Amino acid sequence: MAQYDAGAGANHTINRNGLRQLKAALSKAAARSIEVLLDAIAVALAAFTAEECMNFFAAPGYDRV
């Protein structure tokens, strides 16, 4: 099992940037039921390109695998 490195992942930029965009999309959808919320989540996640997703990890210094 891998040891936790307190310095690894200390920069949470990946979460802030991606989650800010996701939250804005979900707020805009204003879903009032679980079904509509799930659809809104699917649409919001599909809006992220593969390159954007890679950049969310690259920006704080995570290596590409």
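Note on Asn17 and Val43: with the Förster distance fixed at 22 Å, the Cβ-Cβ geometry gives a FRET efficiency of about 0.70.
Projected onto their three principal axes, the Cα atoms of the range 19-65 cover extents of 39, 16, 13 Å, largest first.
Within 14 Å, Cβ to Cβ, of Ala59, how many net charges do the neighbouring residues add up to if Lys/Arg are +1 and Asp/Glu are -1? Residues near Ala59 contribute 0 overall.
Each value in this text was obtained by applying a stated rule to the coordinates, not by laboratory testing. The shown structure was predicted, so the numbers you read here are calculated from the model rather than taken from an experiment. Counting neighbours? That spans all protein chains shown, and the Cβs are built from the backbone with ideal geometry, glycine included.
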